[in-house]
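Colleague: The structure under discussion is supplied below as C-alpha cells; questions concerning it will follow.
The values are calculated or read from the model by the stated rules, or taken from the named source; none is laboratory data. Just so it is clear, the structure is predicted and the values come from calculations on it, not from any experiment. We place every Cβ from the backbone using ideal geometry, glycine too, and count neighbours over all the protein chains shown. We work out accessible area using only protein heavy atoms, side chains counted, and drop any ligands, DNA or RNA first. Shrake-Rupley method; radii C 1.70, N 1.55, O 1.52, S 1.80 Å.
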Amino acid sequence: MSYKIKILSEDQYSALIGAKGNPAARHSSRLYLTTVLPGLFYCVTDKLLNFKEENFLYIPAGLFGGEYSPEIFDAIVYKKFELSAHSLTIDGKYFRPITVENLVVGGLMSADDRVEEGEIRDILQEFTVSDYFNLIFNINDQLAGSGEIARQLLGLMAEARSPDLFLRALPDWLAEFLGGGMVALYYRSGKGFALRKMAGQISHYEELPSYVTETEAEIFNQAMDDERSFIPIGSVPAYPMEMKVPPSVRFLMGGRIGNDPEYLLTGVVPNITSYSLALFFNRLRRMVAAVHTRHFQTQPDWGRIFATMDEMAAGDMSRQRMTEFLYQAINDFIHINRVSLVKYNPLENHLVIEGAVTASKNSSLMSNVIIPLEGTTFEKVVQSGKPYSQGNLGSAISNRTEYAVYKEGVRSIIHIPIMGEKNILGILNIGSPITGDYLHSHLPMLETFARYLARIFRAREQDHTIEIYSEQTQKWHDRLNALENLRTMGELASGVFHDLNNVMGAILGRCQIVTLKTAAEAGNELIDKIRKDISLIERSALDSGEILQRLRQLYRPKKDKQKTVSDLQEIINDAIEMVRPRWERLNHERAEKIVLKKEMGEAATILADQSEIREVFTNLLLNALDAMPQGGEITVSCHLSGQTAEVKVTDTGEGIEPDVARRIFEPFYTTKGEKGTGLGLSISRDIIRAHGGDIKVSSTPHKGTTFTIELPLLSDQDNRMMSDKEKGRETGGLRLLIVEDKPDLKDVLKEMLTSYGFETRTAGSGEEAIMLSGKEKFDVLISDLGLPGISGLDLITKIRSFDPRIRTILISGWEVEYSITDLMDKGVDSLITKPFKVETVLETMENLMGLKDEKID
C-alpha cells in the first residue's frame, strides 16, 4: 500500500492518518465504492480506511437510479466525489451515498447518522475519480484497450476456418488472456443452450453445466436484451446487505453469426473489482457481435480432406479410423457430438456399425454392433435412397437405437446414404446436441462427404469382391487337386480294394457260418454273447465294404443303392456299439468321464441302406466325443412326429461358433486342421438327403451342439409289400458251380450254400470250371470276375456258348465298367459285389430260378 499512499499530498496524507486513527472511522465507518460492474451495484470496501479487512456491500439494482456502463467513468474521470446529504438504513447502519454529478458510485457506512464526516468529506473533495481508480483499481490499459482486443480477435479469425472454430477458440483465449476464470461456449438447442466448448478452471465446472435449461436461458436472454454484460451467480438478495465473501459474477455475451445457431459465451469473472475487466467485456461483446460469415471460409478444405481420406483408404485403415477423421473434419465446421459409419447387409436386412465416435463417455452403439433395420429411421433411407433428418429426436423416439443416441446427448440426427452404382452400401450418420433444422441446413456439405465415402466404399467392395473370387478360386483349385488326388489314389488302390473285398467276404462268410452253426444252441449265455459279437463283426465287415464302395465312387459314377426295410433304433444301437471301444478308451484315459444316454420312443421302421445310415450316426457320435475333451454328456433320442422319425444327437461340449455352423456341411470344410478331411458331415448330409430326409445343426458356443436328423417312415402298405417279398425261398435240388481263386472265400461260399441245401462243386480257375461244366450239368454258375488266366466274364461267355440253360452270377471285388446291358449281352444274369451276405446270394438265386421257370414254360 505504501506506493499508493505516496501519491497523496502532505495535507491529504495527514488527514488520512487522522481518519485511520479515529476509532469511529476505524470501527464504525466503512468507505465503499462501486465495483464498476454495471447493473449489479456490488460495492467493495475502500482500502483507504480498512485495507486489512475487505467487506462487500450489495445494493439492489435500481435503488439509486438507472443502470450504467463502465465507460461512464471515462466521462467523469476528472470530476470530484461528493457526499450525499441523504442516507439509507442497511442492517441497522446508515449508508451515505457518494456521488459524482448525481451518479451514485459508492457510499460511507456508519454505525449512526451522527458520525463526524468532515475529515472524510475533505478527503473526497481532494480526490478525483481518476486518482481513486488509479489507487484502488489499478487500471490495466492493455486489458481495457480496444486496440489490443481487436488485434487479438483478428488473429483468432485468421486462424479459424469457420465461425464455429472462431467461437470455439474464444473460451481458451479468454481464460488465458484474463489469467483465470471459467469460460464456456453454448449453442441454442430448443429452448435451452447445449455446451460446445469449455475452458479455464475445472473447479467451476458445476457452475457451468453441459446444458443451460429453459429457465436459465430466459434469464440470460433478458440480460443480453438489456445489453447487460454481467449477472450474479446464484440467488440475489432482495434488499441491501453486507457480505464477508465476494460474490460470484457471470459475464454474458451472445448473438448469431450468419445462419449458424445462436451462441452464448459466458463464464465466471475472475475479479469483480477490476475496472479494466468491466471495460474489456463490454468492448469484447460489441466486437464479437460485429463478426460476419464473410470473414471466414464458406466450405471445408476439400482438397486436404479428400487427400487424407485417400491415404487412409490406400493404407487399408479401419473404418473406425476413417470415422474418427470424419468426426474431426465435420466438427471443425458444425456442432456435432456423434458420427457413425454403418454397412448395409441386404441379405440379413440389418446394419453393422463399422466405425463410431461420440462425445459421450458411455455408448452402447460402437463398432461391430448389429442394428436390425426394421422399425428404425435407417429403414426410410434404405427404402428411399435419400437423406433423412430428425430435428427433435426427443419427441420422436421409436426404437432402442434412437433411445441409445438420445442418452448420449444427441438431440437431432441426419442419415445420408452411401450409394453404390444401383444399391445402398452404407449410411453416414451425424448427431448434434442442437435441435431444429441445424444439421439439415448443412446437408450439401455432409452429402459431399457421403459421395466421397461412396467412392471409397465402392473401391473397397470391388477389392473385397476380387479377394473373395480369388480366395474361392484357390479353394476350388485346392478341392479339384484334392479330388484329383483322391481319384489317383482310388485308381492306384483299386487292386487293394479288390483284395480287401475278398478279405471282408471271407470274414463275413465265416461270421454267417458261425451264426448258422450256433443257432441250435441259442439261449446259452456264452453262445448268445458269441453270436452278438459275431453279429457286430458281420455288420462291421459289411460297412467296411460300403466304405470301399464310396471310396471308389470318388472316381467312378455313382450307382443306385439297394435299400431294405430297417429298424432305425437297431441301426442307432449298432452305431453306439461301434463307437463304444473309443468311448471306453477315452473314459479310461481321462479323469473327466463321458456319459452316453439313450431316449428311445416308439419303434421306427424306415427304408434305408443300413450301412450308410449307420455311418452317419457313427460319424456324429465320434464328433461328439471329440467335442468334449473335458468330459460331458451325449444324449441320443429317437421319436416319431407324424410320418417322420426324428433323431437328435446332443453333446455338452465346446459348441460351434455361428460362422462355423453356417459352413459345417460344406465339402472339405474342417476345423480339425490336418486331422480332418472336411468330408464327414458333407457325406452324412448327402446320405440323409438321398434317403428323403434332412440334417440340421444348432449350437451354443461353450454349451453344446445338437444335430437333428429327420427320416421318412415306411408306410404300413410298403412295409407289407417288402415283408411279402422277403418270405421263404425254395432252394432244394439246385446244383451250383462256384469258381473262386481265393481258397478261403471259395470254402466259405461252398459251406454257406451247402448248409442251405444246395449241391455245390468248386473250381479254382476258369479252365478247371470249363472242364467240370463239360462233364457235369449245373443249374447256376457263380464266378469271381478276377480269375487267373481266363477272366470270370470270359468264362461265363464260354460256358453259356455250350450250355445256354445255365444261370450265371458274377461276383466282383473290382469296379465293373460294363453296363447292365453289356453284361447281359455277355451272358451275365446277375452281379454281386463283395463283400456280401448269404441272403444276397439266396435272393439272387430265387430271382434267377423265377426267370428260369418263365423261360422253360
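Colleague: Where residues in the range 351-383 are in a helix (DSSP H, G or I) and either touching a strand residue (DSSP E or B) at 6+ places or on another chain (Cβ under 8 Å) or under 17 Å from Leu326 (Cβ atoms) (or both), which of them is most open to solvent (accessible area, probe 1.4 Å)?
Modeller: Taking the candidates together, the pick is Lys380.
Colleague: Restricting to the range 572-592, name every residue that is of a type outside the set (A, V, I, L, M), more than 17 Å from Lys532 (Cβ to Cβ) and surrounded by 13 or more Cβ atoms within 10 Å (Cβ to Cβ).
Modeller: Arg582, Trp583, Asn587, Arg590
Colleague: In the range 731-750, what count of residues is obtained for those that are at pLDDT 80 or above, part of a loop (DSSP other than H, G, I, E, B) and of a type outside the set (A, V, I, L, M, F, W, C)?
Modeller: Looking only at that region, the number is 3.
Colleague: Is it true that Ala278 is outside the structural domain of Met198 (by the TED database) and surrounded by 15 or more Cβ atoms within 10 Å (Cβ to Cβ)?
Modeller: Considered against the rule, which asks whether it is outside the structural domain of Met198 (by the TED database) and surrounded by 15 or more Cβ atoms within 10 Å (Cβ to Cβ), Ala278 comes out as no.
Colleague: Next question. Can you tell which of Ala608, Ala645, Ala627, Ala661 is of a type in the set (Gly, Ala, Ser) and at pLDDT 90 or above?
Modeller: Ala645
Colleague: Please go through the range 314-345 and give me each residue that is open to solvent by 50 Å² or more (accessible area, probe 1.4 Å) and of a type in the set (Asp, Glu), ordered by number.
Modeller: Asp316, Glu324
Each row is one residue, and each column tells you yes or no for (1) among the small types (Gly, Ala, Ser); (2) in contact with a Cys (Cβ under 6 Å, 6 or more places away or on another chain); (3) open to solvent by 30 Å² or more (accessible area, probe 1.4 Å); (4) under 15 Å from Ile336 (Cβ atoms).
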{"position": "Ala158", "(1), (2), (3), (4)": "yes, no, yes, no"}
{"position": "Ser162", "(1), (2), (3), (4)": "yes, no, no, yes"}
{"position": "Arg168", "(1), (2), (3), (4)": "no, no, yes, yes"}
{"position": "Met182", "(1), (2), (3), (4)": "no, no, no, no"}
{"position": "Leu185", "(1), (2), (3), (4)": "no, no, no, yes"}
{"position": "Lys191", "(1), (2), (3), (4)": "no, no, yes, no"}
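Residue-wise test of (1) open to solvent by 40 Å² or more (accessible area, probe 1.4 Å); (2) part of a helix (DSSP H, G or I); (3) assigned by the TED database to the domain that holds Met824; (4) within 23 Å of Ser819 (Cβ to Cβ).
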site: Met752; (1), (2), (3), (4): no, yes, yes, no
site: Thr760; (1), (2), (3), (4): no, no, yes, no
site: Glu768; (1), (2), (3), (4): yes, yes, yes, no
site: Lys777; (1), (2), (3), (4): yes, no, yes, no
site: Ile782; (1), (2), (3), (4): no, no, yes, yes
site: Pro788; (1), (2), (3), (4): yes, no, yes, no
site: Lys798; (1), (2), (3), (4): yes, yes, yes, yes
site: Ser801; (1), (2), (3), (4): yes, yes, yes, yes
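Colleague: In addition: Select, from Glu348, Glu311, the only residue that is part of a loop (DSSP other than H, G, I, E, B), surrounded by fewer than 13 Cβ atoms within 10 Å (Cβ to Cβ) and either of a type outside the set (Gly, Ala, Ser) or outside the structural domain of Ala459 (by the TED database) (or both).
Modeller: One residue alone meets the criteria, Glu348.
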